[in-house]
1. Test residue 8 against the criterion of being among the β-branched types (Val, Ile, Thr), under 24 Å from residue 88 (Cα atoms) and modelled with pLDDT of 85 or more, and give yes or no.
2. Mind checking which residues of the range 39-65 are within 26 Å of residue 89 (Cα to Cα), modelled with pLDDT under 90 and open to solvent by 80 Å² or more (accessible area, probe 1.4 Å)?
Amino acid sequence: MQSNRGSIRIFFGKYLFEISSLETSKEYKTLKELDGFLNELSDPIILKIANRIPSNSHVADLGCGCGTTTFKLSNILGESATITGLDFSKRI
């Protein structure tokens, strides 16, 4: 499982590197503030969900978008579960 996470981080790292010029934009700063606010709301909910997932489960995050919840669940559950994120958006 660790190698999959590494591959995903490499992919997103390359993607984020390509759009790094956005970091200076007003839109980027607004999105970062919104992310912080949403994390405060969602993190306790994600933790409650994770606590209900039995070991050796297979979890599907349907409509995962960029995978924020998928990654958070993966970090909480570690290798005790398999987590797959799937999004139908053409942009993702």
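1. No.
2. Within the range 39-65, 40, 41 meet the criteria.
The values are calculated or read from the model by the stated rules, or taken from the named source; none is laboratory data. Computed from a predicted structure; not experimentally measured. The area values use the complete protein model at the heavy-atom level, side chains included, leaving out ligands, DNA and RNA. Shrake-Rupley method; radii C 1.70, N 1.55, O 1.52, S 1.80 Å.
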